[in-house]
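Worksheet: one structure, shown below.
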Amino acid sequence: MRLSLLLVAVVSSGCVTQGTFDAMQADRDAQVATLKERDKQVTDLKSALAAEQATVKVLSSKIAELEAAYGKTQSDKSALEGALAELKKRKEETEARVAEFKALLEKFKGLIDSGKLKVTIREGRMVVELATDILFASGSASLSKDGKAAIVEVAELLKTIPVRKFQVEGHTDNVPMKGAFKSNWELASARALTVLHAMVDAGLAPERISAASFGDSRPTRDNATPENRAANRRIEIVVVPDLSSLPGFEELRRVQ
């Protein structure tokens with residue numbers, strides 16, 4: 001509000017032209033929009049972390065209940081010991097996911113604060129999201145100079161995460177293609193592969209990365225406005241889950 005009043009005062013005093021004032025007002029509106037988006041990202045991240053931490057709390061409570069109800073007969077003890085061991089394992093795995101997510105946020109803090117990317121949890125997966133409008137020109141799969149620099153920076157950080165594998169996923173809005181690509185599937189695929197090659201060139205081991213295209217099939221918002229379509233045009237770098245840590249994995253392996 002103070003900035004708006006100051007701008008009006010400046011124009012009224014005749015210090016700047018109306019055109020200059022309009023440009024200053026537009027810049028101010030853009031800054032406010034950016035701050036609102038950052039606040040939303042922080043809120044989403046806090047919600048994701050709170051959900052994981054709530055799971056830890058529930059598991060801790062169940063463990064305490066089992067320990068309190070520890071049976072007296074040998075059969076009761078065996079059953080309770082098995083259930084207790086499984087709950088403790090799940091609790092440790094959940095705590096490990098929370099710790100890993102916090103570590104990922106810390107690694108990408110500089111890029112998040114600069115507005116180059118977002119980090120979130122979606123469908124149980126940790127996701128690094130980059131807007132393609134920063135990386136590519138409209139309808140193009142060639143990285144811009146700034147886009148390549150951003151991808152190299154991301155690759156350098158991913159290299160410091162041990163063991164994990166990553167999948168680069170290309171997403172678009174639903175506007176039909178008119179250029180070199182037959183459809184949004186081809187455009188998203190080409191962009192994902194371009195990012196993959198740039199990351200491998202930056203030193204990320206090829207066996208740790210793959211690429212996929214989802215075209216316009218997985219929007220994060222409806223495509224009703226230019227702002228929403230821009231949000232749907234994105235590259236997502238997904239931290240591939242370790243299936244061996246999922247419940248029932250040992251049973252599945254024995255079935256083979």
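Looking for something crowded, with 17+ Cβ neighbours inside 10 Å and acidic (Asp, Glu) - is there at least one such residue anywhere in the stretch 125-142?
Within the stretch 125-142, one or more residues are crowded, with 17+ Cβ neighbours inside 10 Å and acidic (Asp, Glu).
Please count how many residues of the stretch 221-241 are touching a residue at least 40 places away in the same chain (Cβ under 8 Å) and outside any helix (DSSP H, G or I).
Here the count works out to 10.
Quick check, is ALA99 of a type in the set (Gly, Ala, Ser) and crowded, with 16+ Cβ neighbours inside 10 Å? It would help to see each step written out before you state the result.
On the way: of a type in the set (Gly, Ala, Ser): yes; crowded, with 16+ Cβ neighbours inside 10 Å: no.
Taking the combined requirement at face value, the residue does not satisfy it.
Suppose we keep only residues that are buried (at least 17 other Cβ atoms within 10 Å of the Cβ) and assigned to a loop (DSSP other than H, G, I, E, B) within the stretch 158-178. Which one would you say is nearest to the chain's Cα centre (by Cα)?
Step by step, filter the stretch 158-178, then rank; the result is THR172.
Considering only residues that are touching a Ser or Thr at 6+ places or on another chain (Cβ under 6 Å) and of a type in the set (Val, Ile, Thr), which ones fall in the stretch 85-123? Give the steps one after another, and end with the answer.
Keep residues of the stretch 85-123 that are touching a Ser or Thr at 6+ places or on another chain (Cβ under 6 Å), which gives 93-94.
Selection gives THR94 alone.
From the list ALA150, ALA155, ALA188, pick out the single residue that is assigned to a helix (DSSP H, G or I) and either surrounded by fewer than 20 Cβ atoms within 10 Å (Cβ to Cβ) or in contact with a His (Cβ under 9 Å, 6 or more places away or on another chain) (or both). First the steps, then the outcome.
On the way: ALA150 fails: either surrounded by fewer than 20 Cβ atoms within 10 Å (Cβ to Cβ) or in contact with a His (Cβ under 9 Å, 6 or more places away or on another chain) (or both); ALA155 fails: either surrounded by fewer than 20 Cβ atoms within 10 Å (Cβ to Cβ) or in contact with a His (Cβ under 9 Å, 6 or more places away or on another chain) (or both).
Within the list ALA150, ALA155, ALA188, the selection yields ALA188.
Scan the stretch 205-241 for residues that are more than 17 Å from the chain's Cα centre (by Cα) and among the hydroxyl-bearing types (Ser, Thr, Tyr) and jot them down.
SER217, THR225
Residues ILE112, ILE63: which one is surrounded by 13 or more Cβ atoms within 10 Å (Cβ to Cβ), out of contact with any Pro (no Cβ under 8 Å at 6 or more places or on another chain) and at pLDDT 80 or above? Before the answer, list the steps.
On the way: ILE63 fails: at pLDDT 80 or above.
After applying the criteria, what remains is ILE112.
Please state which one of GLU236, GLU207 is more than 28 Å from LEU45 (Cα to Cα), among the acidic types (Asp, Glu) and modelled with pLDDT of 95 or more.
Numbers: GLU236 fails: more than 28 Å from LEU45 (Cα to Cα).
Testing whether each residue is more than 28 Å from LEU45 (Cα to Cα), among the acidic types (Asp, Glu) and modelled with pLDDT of 95 or more leaves just GLU207.
So that you can scan it fast, the table gives a plain yes or no per residue for (1) within 21 Å of LYS116 (Cα to Cα); (2) surrounded by 15 or more Cβ atoms within 10 Å (Cβ to Cβ); (3) in contact with a Pro (Cβ under 6 Å, 6 or more places away or on another chain):
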| site | (1), (2), (3) |
| --- | --- |
| ALA180 | no, no, no |
| SER183 | no, no, no |
| LEU204 | yes, yes, no |
| ARG208 | no, yes, no |
| ASP222 | no, no, no |
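The values are calculated or read from the model by the stated rules, or taken from the named source; none is laboratory data. These numbers were taken from a predicted model, which means no experiment stands behind them. Backbone-built Cβ (ideal geometry, glycine too); neighbour counts: all protein chains shown.
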